[in-house]
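Encoded as structure tokens, the structure appears first; notes follow it.
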Amino acid sequence: MRGEGLAVWLLAVGQTLTYAALYYSFAALLPDLEVATGWSKAQLAAGPTLAFLITAVLTPVTGRLVDRGWGGEMLTLLPLIGAVALAGLAFAPTPGVWLLLWALIGVAQSGSLYETCFAFLTRRLGDGARAAITRVTLVAGFASTLAFPLGDMLGRAFGGRGALIAFAAIVVAGAVPANLWGVRRLRRMERADNRRPPPEPDALRAALRRPAFWLVAAVFGAVWLNHALLITYALTLFADRGAGAALAVLAASCIGPAQVAGRVLLMLNETRVDNRAALLLSLICIVLAAGLLWAAGLAPGLIFGFALMQGAGAGLLSILRPVLLAEKLGRRGFGAISGAVAVAPILATAAGPSFGALLLGWGGATAVYATCLGLGLLGFGLGVLLVRCPAPEQG
């Protein structure tokens, strides 16, 4: 048990550093990258959009690879590939090369982030996976807290391009060794107790016939588009609400701790708050966050209320997605099912940067606020339908 706990904490560190570099660094460095490259927001945002599109295409494949026992290899190798591509962005001479390198980052993301990590843990730990996933997300919730102030500091010191190299070095020096060590420890335990489950090739086909599969995909698609819009353009939106640069960075950095706080509260009240209540509560937080950010035009300090609600809601949802999948669809073929249902939120995340740039160009920040509020309300409505879906019969 002690070895299992250490392995989970190591994977948590790996996820934190990988998310900070491959996921959040673009948003944290966006103002510096505009200055360093001279390219528009839309040109820059096309890179992460392409990366997430590729991630969406490949995630069902990587889910099947987890079911076949390759999860550990992906968690170790793909962050390294992503780091090489991230460092290469610093030398991209044209938007075309920028896109090509982001495509490689998309390949890396498809098998190195939460989906692969959670499927890897679910496959090996069974009923113990929920506690392990919670521990991973408690630590990885600080990824944005690390990325935004670090991006501000590195951007000031080295410019946007130099900061990308620094983020890549963090992955190589921190995330890759942590993942490698954590995977090895879990696999040594696996060989000792021989509890690794066999693949379930027909499980995905059965899951696709259940309404719960499509409702989970739709709920998280709506919410993750909301989240991608708000996180990618957080600094821009905070400035629109009247916050200075330092206040905007501070507020953005609070989203991570709010994610962790939400997860801790859920963990402490696990026996009193079931998955149904937790899902609806988290979706209410997403709705309130959009409203608070819109209202921050009257009082800029409300951006901290937004950070609290958005972080808590997204933090709870990142735990609840694998839990809801296991509850509503079972654990058979979990990697393949998890990878397939993740296509919707990943596509939504892919659309976020470019869709946000389009909204800003068309209707300004107001269009973003209205869209995010609408997406939050849509997610809540779909969530009400999801909690009414029956669990599969045990047999």
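Dipole of segment 24-118 computed with +1 at Lys/Arg Cβ and -1 at Asp/Glu Cβ about the Cα centre; of LEU53, PHE26, CYS117, farthest Cα towards the positive end is LEU53. Taking Cβ atoms as reference points and 12 Å as the exclusive limit, the residues near ALA248 contribute a net charge of -1, counting Lys and Arg as +1 and Asp and Glu as -1.
Computed over segment 217-314, the Cα gyration tensor eigenvalues convert (square root of 5λ each) into semi-axes of 25, 14, 11 Å, ordered from largest to smallest. Largest first, the extents of the alpha carbon coordinates of segment 264-395 on the three principal axes equal 55, 32, 22 Å. Label VAL273 and VAL35 with points 7 Å out from Cα along Cα→Cβ: what is the distance between them in nm? Spacing of the two 7 Å Cα→Cβ label points: 4.0 nm.
Summary of packing: across the peptides 225-234, 154-163, the per-residue average of other C-beta atoms within 10 Å ranks them, highest first, as 225-234, 154-163. As a rough guide to protection, the peptides 88-98, 301-311 ranked by mean Cβ packing within 10 Å, highest first, stand as 301-311, 88-98.
Please list, in order, the residues from segment 353-395 whose amide nitrogen is less than 20 Å from a point placed 7 Å along the Cα→Cβ vector of LEU298. Taking a point 7 Å out along Cα→Cβ of LEU298, the residues of segment 353-395 whose backbone N falls under 20 Å are 365-374.
Just to be sure I understand the curve: with the Debye formula and one point per C-alpha of segment 299-344, what is log10 I(q)/I(0) at q = 0.21, 0.22, 0.33 Å⁻¹? Each listed q corresponds, in turn, to -0.71, -0.75, -1.11.
According to the calculation over all Cα-Cα pairs in segment 38-138, the P(r) per 5 Å bin from zero is 3, 14, 20, 19, 16, 12, 8, 5, 2, 1, 0 %. The alpha-carbon atoms of the chain define a convex hull whose volume equals 122 cubic angstrom per residue. Note on THR94 and ARG188: the model spin-label points, each 7 Å out from Cα along the C-beta direction, lie 5.1 nm apart. Remark: the chain carries 38 Å² of accessible area per residue (probe radius 1.4 Å; ligands, DNA and RNA excluded).
Using only the heavy atoms of the protein chains and a 1.4 Å probe, how would ARG185, ARG64 rank by accessible area, largest first?
The ranking, largest first, comes out as ARG64, ARG185.
Working note: Karplus 6.51/-1.76/1.60 with θ = phi - 60° gives segment 128-138 the couplings x, 5, 4, 5, 5, 4, 4, 4, 4, 6, 4 Hz, where Gly and Pro are set to x. ALA119 sits among other residues whose Cβ lies under 12 Å from its own Cβ, and their net charge, with Lys and Arg +1 and Asp and Glu -1, is +4.
Rounded to the nearest whole Hz, the Karplus-based 3J(HN,Hα) values (6.51 cos²θ - 1.76 cosθ + 1.60, θ = phi - 60°) of segment 40-55 follow the sequence 7, 4, 5, 5, 5, 5, 4, x, x, 4, 4, 4, 6, 4, 5, 4, with x at glycine and proline.
The values are calculated or read from the model by the stated rules, or taken from the named source; none is laboratory data. It should be emphasised that the depicted structure is a prediction, and the values quoted were computed from it without experimental measurement. Note that we place each Cβ from the backbone using ideal geometry, even for glycine, and neighbour counts take in every protein chain shown. Ligands, DNA and RNA are excluded from the accessible area calculation, which covers all protein heavy atoms including side chains. Shrake-Rupley method; radii C 1.70, N 1.55, O 1.52, S 1.80 Å.
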